[in-house]
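The structure appears below as structure tokens.
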């Protein structure tokens, strides 16, 4: 291991990675399959909404001029010539003295220009002909939802970079966008390295442990929006790993390995990156856990050497891989959102390096609190189960106390942000 | 329409729906396919973690008794008999005066009981035999991660009701749970009713609008964890709708229709529920939008008649369908989380009924803010695009001002809560 390991600040490391970001190509998908994808086109209203003057109520469509001067003392009578429901049209223009019984959402008949709600009319029949009486004057456009009052044709609907959610789908369906252009999801290959690894369905053997990182990373890739492909586990052997990594380079947009990154006889990834002719962007970051995270770049492709330690692997993914996936998919705010929060309990152990502590978010009386998720030994996988934030605890000589203001990186369910700030 | 419409409070309506909740059956899925599912079994550690004493560092495994009294003045020498990496085992028990070169994660050799880090040793060779010298005394168990120090065999890992995320997957992979029992996802049939509806790929016609609600609801079902099936659009005709709903009853766990619920000639669902012999739980709720939401129950199956108005449909789904889906899937906290927040801008229009205003969450200096997402006309679909909360504005005679404390229902990315509180 010949590399000199000079730790970078986390934000410097993130910037180095993001300098090699690349964008997925646009592809066409059916709207029904588009959840979670990011629009690759600005979409505009293809017609006004509503596309015609329509009735907001069940009532009677009238000509407002026919209601001039009507009052309790001067009651008007109208002949009801037909009934139209939503989706139907009147058979012809409304003539003076006529009314059309109209249902919510139906198109206002030609020459009608107001709607009298049922409740203000009286109905009667005479010689099999329906009539209504009205004791009020109505204005032009009264109780009419005008064509284009919500959207004009050509109005901007949603911009490229918008993530598709139920509301966006409703909007696009309204305008007939049965297919849309979204950015591709990246295909990401995942290797687990370590002679000590067993697959999850193998019985335990002396000296060995099961491969949990690959499952975790594939799930993190899925959550970040990418497509993960598990390429198997590799023994800690230079030739084995070199061959496997070399062969897979061209098949994936990014490649992730876990393990094989710390300093020692069997730590391979930095050497493999060198032999591949890749540029090692960094191999040491001033953070805990995950200080030995290594990222390299070859011919525009990012190669991630994440730690074999589960917690370090988890944190390294969220800081360095997640934004690359979201950027690939077209998100202009690819980083996890970082917010200020109040620490909900003591975290007494000081550390000279910035810690990214797995934790969870809570709310109380309008304030945001964060709590460390159980013991934070970097090897303890069990503390990961309830994690939805990374609590950022800057390095120093003292620990942290309940009530301290800290930063937290939101892992789940929020819009991102465009920059990763200095820790 | 013969039903008397007496509005319920929202929480009363939610309680009536939840009284008819039912649970999905457990089913076995592969761990790799389990993201977002909810565990149907309590899982325990199948072995200690670590499963053997192991080294946290690259170093030399020694017998601590051999280091007794070592110091700068009394340097000890050890014969290095072999090197073991993670996943390998020593060939036999360590004899007095011997050392084993050991890598991070490797099993401590028999009879060894401490590890000296590389950095505190000096290596040399003599007659092709490697040796180290050591100038310190080491304690028993020094620099050893003891078997079972993270988990004992039989320790509770995760309880039934836990949602599977990347951390939980890592944990379960560690213990060899290649398959797990989770609760089934509900199958939910969706009809859109309305003679005015066109499918999304049909050209606009006079008097008609495109069916956007079905797309929206299918996306909401997906987000809530269920499986949605679009069963088509139906004309506003009693026999058509009655036949379609009757035929589909037995095929799905729940059935949703949109449209056909408000008072008028063509409003069908309440009548259809009556003819089906279903019990109408309610057909009017004291809220805006969505006051005409109707829910019925027949033979243990819930039938949702959501409003045809997109915003009302959206809100009705999140309040009344989402918790039923999450409960079916095994979540003991099936309701969306409700929190207190500061209103980020004025909402001046008073309303006698409780409003559920689509909005989005933001954070600033440790406080939570909510902002209405654009205009809140109940028919305006465009305001749904950025919604991740429903802002709860209690009914009254005055509007709300920026800075007011309000409640907000979190739609995305948070653990739920077990009860839906009174509004």
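Being within 14 Å of another protein chain (Cβ to nearest Cβ), in a loop (DSSP other than H, G, I, E, B) and at positive phi narrows it down to one residue among A:260, A:308, A:290, A:330; which is it? Give the derivation first.
On the way: A:308 fails: at positive phi; A:290 fails: within 14 Å of another protein chain (Cβ to nearest Cβ); A:330 fails: within 14 Å of another protein chain (Cβ to nearest Cβ).
The unique qualifying residue is A:260.
In region A:57-65, is there at least one residue being farther than 30 Å from residue A:176 by Cβ and in a helix (DSSP H, G or I)?
yes
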Filter region B:1-21 for residues that are modelled with pLDDT of 95 or more and assigned to a loop (DSSP other than H, G, I, E, B); the one that is surrounded by the fewest Cβ atoms within 10 Å (Cβ to Cβ) is B:19
How many residues of region B:354-375 are surrounded by 20 or more Cβ atoms within 10 Å (Cβ to Cβ) and not in a strand (DSSP E or B)? The answer is 1
Checking B:194, B:189, B:154, B:161 in turn, the sole residue that is in the same structural domain as residue B:220 (by TED's automatic domain parsing) and at positive phi turns out to be B:194
Those residues of region B:74-86 which are touching a strand residue (DSSP E or B) at 6+ places or on another chain (Cβ under 7 Å) and free of Cβ contacts under 8 Å to residues at least 40 places away in the same chain amount to B:81, B:82, B:83, B:84
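Only one of A:178, A:192, A:173 is surrounded by fewer than 19 Cβ atoms within 10 Å (Cβ to Cβ) and in contact with a strand residue (DSSP E or B) (Cβ under 8 Å, 6 or more places away or on another chain); which?
A:178 is the lone residue from the list that is surrounded by fewer than 19 Cβ atoms within 10 Å (Cβ to Cβ) and in contact with a strand residue (DSSP E or B) (Cβ under 8 Å, 6 or more places away or on another chain).
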From the option list A:137, A:121, A:162, single residue qualifying as in contact with a strand residue (DSSP E or B) (Cβ under 8 Å, 6 or more places away or on another chain) and more than 13 Å from chain B (Cβ to nearest Cβ) is A:121
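If you go through region A:33-53 one residue at a time, do you hit one that is more than 30 Å from residue A:164 (Cβ to Cβ) and buried (at least 16 other Cβ atoms within 10 Å of the Cβ)? Quick ask: steps written out before the conclusion?
As a first pass, look at region A:33-53 and keep what is more than 30 Å from residue A:164 (Cβ to Cβ): A:53.
Going one step further and asking which of them are buried (at least 16 other Cβ atoms within 10 Å of the Cβ), we end up with A:53.
Yes: one or more hits.
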_Would you confirm whether or not region A:165-176 contains a residue that is in contact with a helix residue (DSSP H, G or I) (Cβ under 8 Å, 6 or more places away or on another chain) and either assigned to a loop (DSSP other than H, G, I, E, B) or under 15 Å from residue A:67 (Cβ atoms) (or both)?_
yes
For region B:178-192, state whether one or more residues are within 8 Å of another protein chain (Cβ to nearest Cβ) and either under 23 Å from residue B:24 (Cβ atoms) or under 22 Å from the mean Cα position of the chain (by Cα) (or both). yes
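Pull up region A:66-86, narrow it to residues that are more than 14 Å from chain B (Cβ to nearest Cβ) and part of a loop (DSSP other than H, G, I, E, B), then point me to the one that is surrounded by the most Cβ atoms within 10 Å (Cβ to Cβ). Give the steps one after another, and end with the answer.
Keep residues of region A:66-86 that are more than 14 Å from chain B (Cβ to nearest Cβ), which gives A:66-79, A:81.
Retained after the next criterion (residues that are part of a loop (DSSP other than H, G, I, E, B)): A:68-75.
Details: A:68: 11, A:69: 8, A:70: 18, A:71: 12, A:72: 7, A:73: 7, A:74: 10, A:75: 12.
It comes out as A:70.
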Counting only residues that are touching a residue at least 12 places away in the same chain (Cβ under 8 Å) and at the interface with another protein chain (Cβ under 8 Å from one of its Cβ atoms), region A:218-229 contains a total of 3
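The values are calculated or read from the model by the stated rules, or taken from the named source; none is laboratory data. Computed from a predicted model, the values in this text were never measured in an experiment. Methodologically, a virtual Cβ is constructed for each residue, glycine included, from the backbone with ideal geometry; neighbour enumeration extends over all protein chains shown.
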